[in-house]
Each structure stands twice: as C-alpha cells, then as structure tokens.
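Right, one structure below, let's go through it.
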Amino acid sequence: MAKTSMWYLKGAVAMAAAAVMSLACVGVTTTASRADVVPPDDSTGHDPVPVVYDSDLDFDDASTLAFLCQAHKQRRIDLRAVTVVNNGIGTAGRSLTHARTILEKCGLPRVPVADGSATGVHPAPPEARETFERVLTGALDNADRPNQPSPLTAPQLIAKSVLTSRKPVTVLATGPLSNVAAALRDQSVAEKIATLYVMGGAFDVPGNLFGSTTGGFDNTQEVNLWIDPNAADSVFQTMPSGRVRIVPLDATNHVMITQAYIDRLGASARTAEATLVHAIVTQPDMPPLIDLDIMFWWDALAAASLVLGPHDDLVPYQSRKVDVVLDGASSGQTIDAAGGTPQLVGYAADGARFEDVFTSILNGGR
C-alpha cells in the first residue's frame, strides 16, 4: 500500500530525533573467501551477465552491494565495477570508503570502485546523510579508515567497464542518475548497455520526499530522481527504447522492511553478506524508522529483479512513455507522457517472494 505524505513527515521527525541518538558500533568481522575474478566460463557453460553497480551508498544501497557480492560468488552475475554518486543520501568521500569496506568484507577487494557526480539540482536532506553515515560507520566498523580518492571518476569507470566488455553490460543504478547520465554522453556507451535497471520514480503512487530540504515540493517525486531530475530525464531519453527497467515506488511499496523479517534474516545468517546486512538494519538509528513502517527494500528489490533475470515475474513490468518534470513544485516527478521515451516500468512486486529470494541468495543460494 502506498504511504501518505504524513508517514514521511513522521519519518523526517524520526530522522531528526535519531540524529541525537548515541551510536553503539557493531562491527562485522566475518570474511568470505576471495572471489574477485569470475572465469569466463565454467563446466556448465554458464556465462554470468556483467554488471556495473552505481548508487549513493546509504543503508539500502550498502545492503544491495552485499547481495550483489553473493550473487557474483554464485556466478549469477559478474560484478565488474562499483561506482557512487556524491550528491545523494550517502556522504561524499565516505561513500567510496564504505563501498571498499563492503567489498573487502565480502571477499571481493579487487572489484574497481570510483566516485563522482555533479551537484544535484535539489540537495539531499543533511539529517538523512548524518543518520545513515552513523548506520554504515557502525555496521562496517570503519570510522578510522581514511578516505582515498579513486583513480578514475565514476562516469569514466562506468564507460570503461561497458566499452571494454566482450558482451553487453547490465547497469544497476539505485541513486541519483548523475553518474550514469555523464557516462551516456558517449552514445556508444548507451548502445552497449544491455539493460539499465533504475530504482527511482513514482508513477501512480505518492512520492517519498522527506526532511529539511524538501519544502515547496508536492511529494509526487521519489527522492533519487528528485535530487537530479535533469540527469534522470537525460538518461531516459538517451537509452534506447525498452532497455531501461524502472523499479519505482509503485513496486517497492510492496517490500517494506519489518522487524519480523530482520529477525528471520539474523537467525538464518551464515555468510559474511547476510551477517553484514543484518548488522546494517539493526544499528541503533534503524529501529525507530522501521517501526514507523516507512522503510523499504528499495534498492534490493531492483537488484533482485536484475539477478533473477528479465523473464522472472518478481517485479512485473509494462511499457510506458516515460518523461520527467524538470521545474516547479513537481520537479523530479516521473510521468507517462505522449512525448516520453518508451521504457519498462515496474508496477507491483511479490513481497513474500522477495524476502525468500533475498534471504536465499545472501546465504549462498541455500
């Protein structure tokens, strides 16, 4: 069920309150065997799809990265690169450090990483950044780790990963689309992307704006695309028709994070990835937000749809002519318009099946 703007107002209050909560750091020390490089083939002839993951690396992006690490180890995907934007909910500099920490804890330290992105059109709420920075620093136990710049910018790494791949690459973007839009300025990059999965947008449900920077907007927008609507509009126009699969709030509203599921995940965790996700969602700032029924597995649902493949019905899609409102109170809203670009838009999700898939893959496919 779609949440009303009142729930998001409550969420903003809860985030502000959470900002003064003390943090008891919970580190994750379990590490997996190194599995950085996927060989081109195995005895079954299976050739995993190459994937580039771009996000703003807040709590659900971090959980999604752990999920993708396990999918890589199981040869469901070949995780080629991880990039982060600096204008989303994650903290610039720290987001790149968190990505590196997650990859190391999951046994994939040689997966290349990069950050970058121009300033967003609308600034992310600072209280959200502060809250989720505490969550990730606590879960990853990396407060003392210095931030190190990447040798390439994120758009450069995305373009390089796509153009040097011997087969078309699938890109998953779960933050503002600034990095992706910059990479797509080279049209040959767009042509070599097999599918672009985007967690973003809200079509037939209310948006999820919250916090101190969102005054003056009508809450028809989803946060990721609201932060940089120009980038979103550019991406949807640049990508060939039908190659973008959008997982909007219409679908993610069906995968609420519940305490019952967190307990189930904790009881079943037997891999570094499952243990890490459980540590993230049980950090002290998280329970007050989860109790408000406003937290969802936004990014993880998009990742699960990617990993299961285009013929799976976890998220059903339909073709819509997608456009983005650029100005005014609705700036950042995704709409179905006559002049839009035909892309595939998710309109629902099987919440119970998602929990089963997410738990199973996090735990090694068992």
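The values are calculated or read from the model by the stated rules, or taken from the named source; none is laboratory data. What you see is a predicted model; the values in this text were computed from it and never measured. No Cβ is skipped: glycine too gets one built from the backbone with ideal geometry, and neighbour counts run over all protein chains shown. Just so you know, the surface numbers come from the protein's heavy atoms only, side chains and all, with ligands and any DNA or RNA stripped out. Shrake-Rupley method; radii C 1.70, N 1.55, O 1.52, S 1.80 Å.
Between 338, 181, 118, which gets the highest mean-square fluctuation from a Gaussian network model of the chain, Cα cutoff 10 Å? Among 338, 181, 118, the largest GNM mean-square fluctuation belongs to 338.
For the chain, the relative contact order works out to 22 percent when only alpha carbon pairs closer than 8 Å and six or more residues apart are counted. Kindly identify segment 208-317 as rounded, prolate or oblate by the Cα gyration tensor criterion: order the square roots of the eigenvalues as a ≥ b ≥ c, call it rounded if a/c is under 1.5, otherwise compare a/b with b/c, prolate if a/b is larger, else oblate. Judged from the Cα gyration tensor, segment 208-317 comes out oblate (a/c at least 1.5, b/c at or above a/b).
Taking every Cα-Cα distance in segment 155-278 and sorting them into 10 Å bins starting at zero, the pair-distance distribution P(r) comes out as 12, 33, 28, 23, 3 percent. Summing charges over all other residues whose Cβ lies under 11 Å from the Cβ of residue 331, with Lys and Arg as +1 and Asp and Glu as -1, gives -4.
Compute the distance in nm between two label points, each set 7 Å from the Cα along the Cα-to-Cβ direction, one at residue 260 and one at residue 327. Placing both labels 7 Å along Cα→Cβ, they lie 4.9 nm apart. For segment 166-281, with every protein chain kept in place, what is the accessible area per residue (1.4 Å probe, Å²)? The answer is 30 Å² per residue. Two decimals is fine: what is log10 I(q)/I(0) at q = 0.17, 0.31 Å⁻¹ for segment 311-366, from a Debye sum with one equal scatterer on every Cα and no solvent? Cα-only, vacuum Debye calculation for segment 311-366: -0.70, -1.13. Structure remark: mean-square fluctuation, Gaussian network model of the chain, C-alpha springs under 10 Å; the largest value among 195, 174, 64 belongs to 195.
In whole percent, how big is the carbon plus sulfur part of the accessible area of the chain, probe 1.4 Å, protein atoms only? C and S fraction of accessible area: 54 percent.
Based on the alpha-carbon gyration tensor of the chain and its eigenvalue square roots a ≥ b ≥ c, which shape applies: rounded if a/c is under 1.5, prolate if not and a/b is larger than b/c, or oblate? Here the chain falls in the rounded category.
With an a/c value of 1.5 or above and a/b not larger than b/c for the gyration tensor axes a ≥ b ≥ c computed over the alpha-carbon atoms, segment 49-187 is described as oblate.
Largest mean-square fluctuation among 279, 337, 173, in a Gaussian network model of the chain whose springs join Cα atoms under 10 Å apart, belongs to 337. Taking all protein chains together and a 1.4 Å probe, the residues 278, 311, 72 rank 311, 278, 72 from largest to smallest accessible area.
Total lysine pairs in the chain at Cα distances under 23 Å, for residues eight or more apart or on different chains: 6. Distance from the C-alpha centroid of segment 230-275 to that of segment 298-366: 7 Å, rounded to the whole angstrom.
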